[in-house]
1. Which one of the conditions (1) buried (at least 16 other Cβ atoms within 10 Å of the Cβ); (2) touching a strand residue (DSSP E or B) at 6+ places or on another chain (Cβ under 6 Å) does Glu228 fail to meet, given that it meets all the rest?
2. Going through region 111-125 one residue at a time, which ones are modelled with pLDDT of 90 or more and surrounded by 12 or more Cβ atoms within 10 Å (Cβ to Cβ)?
3. Being modelled with pLDDT of 85 or more and over 27 Å from the mean Cα position of the chain (by Cα) is the filter here; which residues of region 201-220 pass it?
4. Search region 137-153 for residues that are modelled with pLDDT of 85 or more and pair each with any residue that is β-branched (Val, Ile, Thr) and assigned to a helix (DSSP H, G or I) when their beta-carbon atoms are under 8 Å apart and the residues are at least 6 apart or on different chains.
5. What do you reckon, is Ser206 crowded, with 19+ Cβ neighbours inside 10 Å, in contact (Cβ under 8 Å) with a residue 24 or more places away in the chain and polar (S, T, N, Q)?
6. Please determine, by comparing only the residues of region 29-58 that are part of a loop (DSSP other than H, G, I, E, B) and of a type in the set (Gly, Ala, Ser), which one is surrounded by the most Cβ atoms within 10 Å (Cβ to Cβ).
7. Mind telling me which of the residues Lys222, Lys213, Lys226 ends up being under 19 Å from Val273 (Cα atoms) and among the basic types (Lys, Arg)?
Amino acid sequence: MPHILIVDDEKAIRKSLRDILEYEKYTVDEAADGTEALKLIKNNAFDLVLCDVKMPKKDGMEVLEAALEINPDLPFVMISGHGNVETAVEAVKKGAFDFVSKPPDLNRLLITLRNALEKQTLVTQTKVLKRKVTKTRDIIGNSKAIRKIKDTIDKVAATDARVLITGENGTGKELVARWLHEKSNRANGPLIEVNCAAIPSELIESELFGHEKGAFTSAINKRIGKFEQAEGGTLFLDEIGDMSHSAQAKVLRALQENKITRVGGDKDISENVRVIAATNKDLLKEIDKNNFRVDLSSVECDINSCAFIERTH
């Protein structure tokens, strides 16, 4: 049965709610204040938290924000004897599923809890199905080179380090990039791929950074670029060695300042994106030819994708 945490500084309220929920066959724990509640949330897998708004030490809103940093998917139902529309709106904006006034109507409370738990079940099932559908193909093989690649992926994936993957065409650079994303802390976020070689140089900046309406002749509507689409996830820049100089300069700024500007815009947009790049070119030679910026090539990690990735037939 679902495990519910009741957080309220009034013992009588906690007992009353516990009796109701246990009668409905829920497993129940209690916390008398926000500090105690957060300790319990850190150490237990609750399915839902029923939390009072007005409490000593930490109020319900503070508990809500701190708890969602620990577990962003944890459903919260806020309760308060001083409820008003403003408080309810604020609670929902901060991530609560719903707001119930004290004394709670029993039927409404139970329906709210059931809906919150059903929504959480659907969210969990969706994530599981999404991972199954989008599961990245395995890197097959047990050679020394393959083991080195797998070990490097395991070491680097959990960090937010930018990665450059090098290797000839067909050696599995995209597969390495996908596994870096799958094993990272951003796995639940999007993986957005851009083939820099397939996009004309005059369009690459609009593709990466987006553009404002009227930025150029064919810019009929505002466009959201790949950096913004990858927010909270990973942006894979395939064949980065073919990127134009002007686009390289903007990518460098995005990496250094975590900000982008749409083409035709003057507003800085903050971004939280991990960039993984790949190329089949020797970037040192490209730098000597003045085709690639030396400062952009200074990445934090370099995975050399082996030309002999073994595959079963």
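The values are calculated or read from the model by the stated rules, or taken from the named source; none is laboratory data. Small disclaimer: the values here were computed from a predicted structure and weren't measured. Methodologically, a virtual Cβ is constructed for each residue, glycine included, from the backbone with ideal geometry; neighbour enumeration extends over all protein chains shown.
1. Only one criterion is unmet by Glu228, namely (2).
2. Ile111, Thr112, Leu113, Arg114, Asn115, Ala116, Leu117
3. Leu203, Lys213, Gly214
4. Pairs that qualify, where the first residue is modelled with pLDDT of 85 or more and the partner is β-branched (Val, Ile, Thr) and assigned to a helix (DSSP H, G or I), are Ile149/Val176; Ile153/Val176.
5. Here the answer is yes, as Ser206 does meet what is asked.
6. Checked region 29-58; the qualifying residue surrounded by the most Cβ atoms within 10 Å (Cβ to Cβ) is Ala32.
7. Values: Lys222 fails: under 19 Å from Val273 (Cα atoms); Lys213 fails: under 19 Å from Val273 (Cα atoms).
That would be Lys226, the only listed residue that is under 19 Å from Val273 (Cα atoms) and among the basic types (Lys, Arg).
Residues checked against (1) under 27 Å from Leu175 (Cα atoms); (2) modelled with pLDDT of 90 or more; (3) among the basic types (Lys, Arg); (4) part of a loop (DSSP other than H, G, I, E, B):
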residue	(1), (2), (3), (4)
Ala254	yes, no, no, no
Asp266	no, no, no, yes
Ala277	yes, yes, no, no
Asn291	yes, no, no, yes
Ser298	yes, no, no, yes
Ile303	yes, no, no, no
Phe308	yes, no, no, yes
Arg311	yes, no, yes, yes
